[in-house]
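Engineer: Below: one structure in structure tokens.
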Amino acid sequence: MGIVLGVSSSAAARRRPRADKFEDRRRELADAALATLADFGYARTSLRTIADNTEFSHGLLHYYFADKIELITYCVRRYKASCVQRYENLLAEASTLDGLAAACGDGLAATLAEAPLMHRLWYDLRTQSMFEEAFRDDVAEIDGSLQNMIWRVVCAYADLGGMEPACSPSQAYALFDGLFQQALLRHLAGSETALDDLRAGARDLLPRLFA
């Protein structure tokens, strides 16, 4: 007869630090709030609005988040981090210049198509950071992670082709971000070609970043 080593999952859960449980609850609340935030945007969203549109009470939301600024930045930070990870996974298999350029365009279009309202919330938040100082550090950090994502694509393209970029990381990001934002605006307005144009635009832009 063998001896069972280890502990049950319930026992392990009881031993988890309180901080981990607190963070798990914040993630649960944020995920539930995402749809409301994406639909209403910054100006029309409050903790009470979120409570009215989810199963969680206003008091519970306020216990885990000081105000809507903290909740919105937490939600957008989580979503953008997952976007970066999925995008980089998609690009990881590209082994040719044309393949990488195509994967770049496909990844941006897929990300936009998956959750346009979440991306709209991100641009709303970024605009609000010009007026709300409380947003600025978080927006700068998210912007930095997106810029780094684009720059890794540029560097991968450079390595495949034995070339040097003819632009800075911020310039490359500004160009791709402009394509993405314009595609988002058109997609939200009902354009049937916005996603295809984004794919083609990103695919054509990447080679142009090299002398």
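All of the numbers you see were taken from the coordinates with simple rules; none came from a lab. Just so it is clear, the model here is predicted, and its values are computed rather than measured. Every residue, glycine among them, receives a Cβ derived from its backbone with ideal geometry; neighbour counts consider all protein chains shown.
Engineer: So what's the net charge close to LEU160: Lys and Arg +1, Asp and Glu -1, counting the other residues with Cβ under 14 Å from its Cβ?
Structural biologist: -3
Engineer: Between PHE210 and residues 5 or more places away or on another chain, which pairs have amide H atoms under 5 Å apart, with H built 1.01 Å from N, and which residues are they?
Structural biologist: For PHE210, the qualifying residues are ALA166.
Engineer: How would you order 71-78, 130-137 from highest to lowest mean count of nearby Cβ atoms within 10 Å?
Structural biologist: Highest to lowest by the protection proxy: 71-78, 130-137.
Engineer: Still on this structure: Take the Cβ-Cβ distance between GLU70 and ALA200 as r, set R0 to 35 Å, and report the resulting FRET efficiency rounded to the nearest 0.05. Before the final figure, lay out the partial values.
Structural biologist: Working: r = 39 Å, r/R0 = 1.12.
With R0 = 35 Å, the Cβ-Cβ based efficiency is 0.35.
Engineer: Follow-up question, since we're still on this one. Which length gain, in nm to one decimal place, applies between ALA43 and ALA158 when the Cα-Cα distance is subtracted from 0.36 nm times their residue separation?
Structural biologist: So the chain would gain 37.2 nm between ALA43 and ALA158.
Engineer: So what's the net charge close to ARG126: Lys and Arg +1, Asp and Glu -1, counting the other residues with Cβ under 15 Å from its Cβ?
Structural biologist: Neighbourhood net charge equals -4.
Engineer: Working from the pairwise distances between different alpha carbons, so that the mean of 1/r is found and then inverted, what is the chain's Kirkwood radius in Å?
Structural biologist: Details: mean 1/r = 0.0519 Å⁻¹.
Here the Kirkwood hydrodynamic radius works out to 19.3 Å.
Engineer: Assuming R0 = 41 Å, can you tell me the calculated FRET efficiency for the pair GLU132 and ASN89, based on Cβ-Cβ distance, to the nearest 0.05?
Structural biologist: It comes out at approximately 0.80.
Engineer: Work out the FRET efficiency for ALA113 and TYR63 from their Cβ-Cβ distance, taking R0 = 35 Å, and round it to the nearest 0.05.
Structural biologist: According to the calculation, E is roughly 0.50.
Engineer: Give me the distance between the Cα centres of the range 160-211 and the range 69-121, rounded to whole Å.
Structural biologist: 13
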